[in-house]
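Colleague: Supplied in structure tokens, the structure appears directly below.
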Amino acid sequence: MDCSKKRASAVGDLPVDPLVEILSRVPAKSVCRFKCVSKAWRDLIADPHHRKKLPQAMQGLFCHTAKESEAGLSYSFSFIDLVPRSVPLDIDPCFSFLTELPEIQTLVLSDSCSGLVLFMHFEKQNSTTLGYVVCNPTTKEWEVVPACGAPTSEETYPCVAFDPAVPSHFNLVQFLTGDNEEFLSVHVYSSETGAWSENLIDEQGEEGQFPGWRNVSFPLARLYPCPFINGFLHFMVWDQDETKIVALDAQGKGRRMIPVPHVAEMGVSICYFGESQGKLHFMTEKILNDDHEYKYKLFIWVLQDYNAQEWVLKCTVNSHEVFGENSAKEGSMEFEVVGIHQDRNVIFFTHPSGRHKLVAYDMDREELCTIATFDDQEWLMDTARYVPFF
């Protein structure tokens with residue numbers, strides 16, 4: 001009898017595949033508890049092949065906001081629950097279990113991946129980077145990662161790479177760029193070894209589909225996340241005056257370049273780049289001049305075929321149709337996309353009247369709703385998905 005048959009008989013003579021399909025629709029916390037039923041259940045759920053079929057649904061957004069007062073800028077965290085529920089989630093939306101640590105001074109939300117949230121850790125006085133904190137909001141577990149030892153500046157951009165199917169470790173990838181946005185260094189931290197790598201730029205040549213770090217630059221890096229899909233981090237670069245996406249493995253090696261959707265019309269700008277439902281999404285914005293009245297149109301593209309690099313136009317959104325003609329201040333109605341839902345065709349952007357209101361637009365229903373409103377002196381800096389990981 002093979003292993004799969006043993007597992008099937010141990011869980012009540014149910015075939016494995018239908019059982020995994022059922023478990024994929026069960027809340028994460030319940031699936032975690034099911035591992036305690038028996039060794040057969042534990043092995044079934046912990047199997048890396050099955051774990052990939054048990055993705056956890058996105059529950060909400062962590063928000064990092066700044067507020068101006070006479071004492072200066074202050075920062076805070078909050079949580080937007082996107083799922084109707086009778087019992088609140090058992091999470092700490094303010095991350096007080098981190099901010100109360102004596103060695104923590106200032107936390108800045110930097111990235112999130114598959115249930116882990118990454119913070120940069122700064123000194124209060126001079127904004128010197130002390131290192132990073134990787135946190136699991138579900139279990140309230142955390143790990144402090146030291147600075148990599150490379151020269152630090154405001155052009156330091158970290159990303160976290162984490163595969164729930166291999167939960168024993170995570171990687172951090174840190175980019176350092178110069179005044180002209182050129183890459184100076186790329187370092188990778190492995191939680192398995194507890195050490196940073198040497199500068200990977202010096203080790204990579206010009207072979208393969210990736211042309212090399214010396215030929216590309218990192219534009220507007222703080223505005224875009226680095227989606228982690230199928231074992232690769234993806235980030236945007238300039239390559240010979242063209243916008244492209246680099247696929248980088250978790251060890252920091254460039255593997256391929258993906259052209260972004262070709263847009264022939266003038267007046268189009270990059271708006272957002274991210275991941276939803278396991279696919280890369282790219283959003284562009286075009287300014288329309290309609291009878292001397294400026295309007296904005298958002299184009300949402302999806303990389304339908306990753307290997308063939310086939311982009312498909314998924315949806316278009318008109319600012320006047322969504323917000324109404326009188327909803328913006330001083331005639332400005334541009335889209336400022338801050339995120340896209342992991343599991344649904346929903347995008348999140350700030351209201352054109354300012355970064356004091358966060359809205360969600362359902363592409364399927366063509367409906368808009370406000371999901372958060374902040375104080376007049378408070379504005380949204382960044383968001384991070386909350387995906388339970390037990």
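Colleague: Quick one: with all protein chains in place, what share of the accessible area of region 58-178 is carbon or sulfur, to the nearest percent (1.4 Å probe)?
Modeller: On region 58-178, the fraction of accessible area on carbon and sulfur atoms equals 51 percent.
Colleague: Can I ask one more? When the Karplus curve 6.51 cos²θ - 1.76 cosθ + 1.60 is applied with θ = phi - 60°, which whole-Hz ³J(HN,Hα) does each residue of region 377-390 get, with x for Gly and Pro?
Modeller: For region 377-390, the Karplus-derived couplings read 9, 10, 9, 7, 9, 7, 10, 9, 5, 10, 10, x, 9, 9 Hz, x marking Gly and Pro.
Colleague: Suppose each label sits 7 Å from its Cα in the direction of the beta carbon; what would the Val312-Ser30 distance come out to in nanometres?
Modeller: Spacing of the two 7 Å Cα→Cβ label points: 3.2 nm.
Colleague: For region 69-197, what does the alpha-carbon gyration tensor say about shape, rounded, prolate or oblate, given a ≥ b ≥ c as the root eigenvalues, a/c under 1.5 as rounded, and a/b over b/c as prolate?
Modeller: oblate
Colleague: Between Thr373 and Lys140, what length comes free when the chain is fully extended (0.36 nm per residue of separation minus the Cα-Cα distance, one decimal in nm)?
Modeller: That pair, Thr373 and Lys140, stretches by 81.2 nm at full extension.
Colleague: Would you mind giving the three semi-axes, in whole Å and largest first, of the ellipsoid equivalent to region 82-125 according to its Cα gyration tensor?
Modeller: Equivalent ellipsoid semi-axes, largest first: 25, 14, 8 Å.
Colleague: I've got another one for you. Apply the a/c threshold of 1.5 to the C-alpha gyration tensor of region 50-111 and tell me whether it is rounded, prolate or oblate.
Modeller: The shape class here is prolate.
Colleague: Quick one: of Lys295/Lys357; Lys297/Lys357; Lys67/Lys244, which pairs are farther than 24 Å apart, Cα to Cα?
Modeller: Lys67/Lys244
Colleague: Quick check on region 157-204: take the gyration tensor over C-alpha atoms, sort the square-rooted eigenvalues as a ≥ b ≥ c, and tell me if it's rounded (a/c under 1.5), prolate or oblate.
Modeller: prolate
The values are calculated or read from the model by the stated rules, or taken from the named source; none is laboratory data. Note that the structure is a prediction, hence the values are computed from the model and not measured. Don't worry about glycine lacking a Cβ; one is built from the backbone with ideal geometry, like all the others, and counts go over all protein chains shown. With ligands, DNA and RNA removed, areas are computed over all heavy atoms of the protein, side chains included. Shrake-Rupley method; radii C 1.70, N 1.55, O 1.52, S 1.80 Å.
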